[in-house]
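The structure under discussion appears below in the form of structure tokens.
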Amino acid sequence: MKNMALIYLLAGCVCLLSCTSEREYPSAMRQAVSCMDDRPDSALVLLETLSDSIAHAPQEIQMYYRLLTIKAKDKLYIPHTTDSVILSIVGYYREKGDKERLFESYYYLGGTYRDLNDISRALKAYHQAVEVGEGTEQTLLRGMTYGQMGILFAYQELYDESRQMMRKALQCYGELGDSVKYANTLATLARTYNGKNENDSALYYYKESYRIARKYRKDKLAAGIAGELGCFYYNEGQVELAKQVLLDVLPARRKSGNVLLCLGCIYKDEGQVDSARYYWGDVLKYGNLHKRCYANYYLAELEKAQGNEDLSLAYDDQHRLLQDSINTITQTDVVEKLHLLYNFQHEEQKNYRLALENERYLARIYLLVFIFIVSVTLVVIVIQHIHVKNQRVIEQEKRLRLIQEEQYKKSLAYIHDNELKLQEVEKQLLEAGKQSDTLRQELLLSQRKVLEASKHQSVTLLSNSELLEDAFRQSDIYAFFHQAEHGDLKVEDENWDALCAAINVAYPRFTDRLYELCPKLSQRELHICYLIKLSLNCMSMTRILICTPSSITQTRKRLYKKMTGKDGTGDDLDKLILDL
């Protein structure tokens with residue numbers, strides 16, 4: 001009899017287990033499971049059809065039914081209002097030892113506390129979920145858990161911890177090839193960099209997130225990221241770009257508190273008070289706690305500026321109430337202690353920071369070495385440039401001095417100076433004759449001979465120069481250009497060629513000397529030098545060259561600088577050219 005009782009007991013247990021196996025789940029539950037990810041609204045409708053009959057089902061089916069209901073509501077963003085149901089589910093699966101469903105239960109327990117604004121408990125639940133799920137193959141759920149933890153840390157402004165969680169989530173989604181969640185996580189990562197004012201990195205991750213969303217044609221996700229990117233541009237001071245992006249995305253993100261709040265700020269800055277009031281009013285309807293707090297603050301300031309004191313006070317009161325709620329939720333110190341209490345990858349964080357510090361240290365060293373090398377190179381280049389410039393000036397001065405000395409020997413001044421020297425030599429010869437100083441007389445006679453020869457040569461050269469210059473002034477080309485100064489004649493290229501030839505005959509090597517003084521002489525500058533040699537004034541030049549007087553004046557000043565290496569006026573250039 002005892003053996004028979006034992007057999008019956010075992011048979012009963014087998015029947016019980018078979019009744020609670022997954023195959024025995026109600027059809028509506030199995031259908032809900034199959035469409036949960038793609039159509040959570042349909043899943044919830046299917047589950048609600050079992051709301052009356054489920055109370056008579058075995059406990060295992062009831063618990064799984066409740067877990068599926070919480071899961072469907074979570075996917076539909078229906079806030080959880082109590083933790084009693086999910087706590088019973090956690091307790092059941094913990095006692096049963098079902099790791100996979102316990103993992104899910106802890107995840108939704110974290111989501112429940114998140115909706116109840118109990119951040120400490122939410123993080124604790126997510127941490128327990130990670131510990132339980134470590135040995136399972138639920139990569140997607142693991143990535144989602146890390147993602148939620150990263151978001152909570154970001155809300156508490158614990159950006160380093162948030163980034164660590166987001167990178168773990170990215171690794172999970174990368175393994176699965178889930179582009180939507182990968183792009184979403186990149187956007188959250190961008191927020192952490194934005195929160196720490198590391199704007200280059202923030203912009204990179206926003207753009208990368210948007211690129212992936214667009215690549216896989218996830219228009220709704222792309223619109224959400226674009227909305228955040230528009231707000232980022234506004235905070236960066238790129239107002240027009242921000243406005244363009246936000247207005248483009250507004251139809252798809254009509255209830256986005258971020259987009260509405262930022263557009264209100266832009267219109268307020270532009271002085272469009274009604275538009276600002278309209279968008280901030282929409283934030284009060286659709287925005288989350290933080291966005292509604294900001295909107296009330298901005299509206300209070302706006303109405304105060306508009307002289308609506310009563311309305312301003314009402315918005316200010318609402319702002320204070322919401323700010324108190326936010327202060328209650330934001331418990332950074334508590335979260336940090338909780339984080340340390342559970343030793344959440346503490347050593348890894350330490351090593352990460354140390355590695356980061358080493359990278360920064362090496363980067364600073366490389367930057368300093370680079371700056372040093374660049375600085376030395378620039379100093380060498382500058383010194384070399386100054387040396388070359390000084391050498392060029394010295395050579396130019398030397399060329400100018402040689403030309404001036406050559407011209408001086410053909411001038412009346414040289415002849416006059418030579419005459420004075422001859423008179424002095426004659427005077428000294430008389431004195432030497434009186435003193436009977438034969439040796440000195442011979443030296444003075446040789447000196448007189450040289451001076452007389454030099455005088456004769458200078459007189460000859462001057463006479464020839466005057467003849468050549470007179471011939472030039474009587475030439476047809478000279479007359480042509482003096483007629484052209486009145487604007488009556490058009491100067492062609494052949495006229496310039498003829499003038500060049502005539503000037504070089506009257507003033508030998510004139511053009512060559514110009515190029516010696518200024519190797520990079522332009523054709524226009526050369527023509528101005530020819531016209532100066534013709535003794536034409538500035539107004540005459542403007543009519544021949546068809547330009548403004550100021551252009552001629554500036555060219556003459558610039559040309560004098562190029563020829564002499566010194567600043568000067570147009571008159572200084574005229575004197576220099578006339579003396580050549």
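Since every read-out is calculated from the coordinates, none of them should be taken as a lab result. Computed from a prediction, not measured in an experiment: that's the story for all the values here. No Cβ is skipped: glycine too gets one built from the backbone with ideal geometry, and neighbour counts run over all protein chains shown.
What is the order of Leu241, Leu580, Leu46, fewest Cβ neighbours within 10 Å to most?
Starting with the residue having the fewest Cβ neighbours, the order is Leu241, Leu580, Leu46.
By average Cβ neighbour count within 10 Å, what is the ranking of 431-437, 121-127 from highest down?
By packing density, highest mean first, the sequence is 121-127, 431-437.
Take each of the peptides 249-257, 528-536, average the number of other beta-carbon atoms within 10 Å over its residues, and list them starting from the highest.
528-536, 249-257
Can you give the extra length, in nm with one decimal, that the chain gains between Ile381 and Glu270 once fully stretched, where that is 0.36 nm per residue apart less the Cα-Cα distance?
35.0 nm
Sequence gap of 8 or more, or different chains, plus Cα separation below 23 Å: how many lysine pairs satisfy both in segment 475-580?
Lysine pairs meeting both conditions in segment 475-580 amount to 17.
Peptides 367-378, 50-61: what's the order by average Cβ count within 10 Å, highest mean first?
Packing order, densest peptide first, comes out as 50-61, 367-378.
So how much slack lies between Thr49 and Leu247, counting 0.36 nm per residue of separation and subtracting their Cα-Cα distance, in nm?
Net length gain for the segment: 67.0 nm.
Students often get this wrong: which residues of segment 45-89 have the backbone nitrogen under 17 Å from the point 7 angstrom along Cα-to-C-beta of Leu116?
Output list for this probe position: 67, 70-71, 74, 78-89.
What translational D, rounded to a whole number of µm²/s, comes out for segment 65-211 from Stokes-Einstein when the hydrodynamic radius is the Kirkwood one over Cα pairs, at 37 °C and 0.692 mPa s?
210 µm²/s
Using Cβ counts within 10 Å as a stand-in for footprinting exposure, how do Phe472, Phe480 rank, fewest first?
Phe480, Phe472
Tell me, Val450, Val283 in order of fewest to most beta-carbon neighbours within 10 Å? Kindly include the intermediate steps, with their values, before the conclusion.
On the way: Val450 12, Val283 27.
Lowest count first: Val450, Val283.
Of Lys181/Lys285; Lys168/Lys220; Lys71/Lys168; Lys181/Lys255; Lys181/Lys220, which sit over 19 Å apart, Cα to Cα?
Values: Lys181/Lys285 28 Å; Lys168/Lys220 25 Å; Lys71/Lys168 23 Å; Lys181/Lys255 21 Å; Lys181/Lys220 13 Å.
Result: Lys181/Lys285; Lys168/Lys220; Lys71/Lys168; Lys181/Lys255 exceed 19 Å.
Grab the Cα-Cα distance for Asp571 and Arg211, subtract it from 0.36 nm times how many residues apart they are, and report the gain in nm with one decimal.
Taking Asp571 through Arg211 to full extension adds about 123.0 nm, to one decimal.
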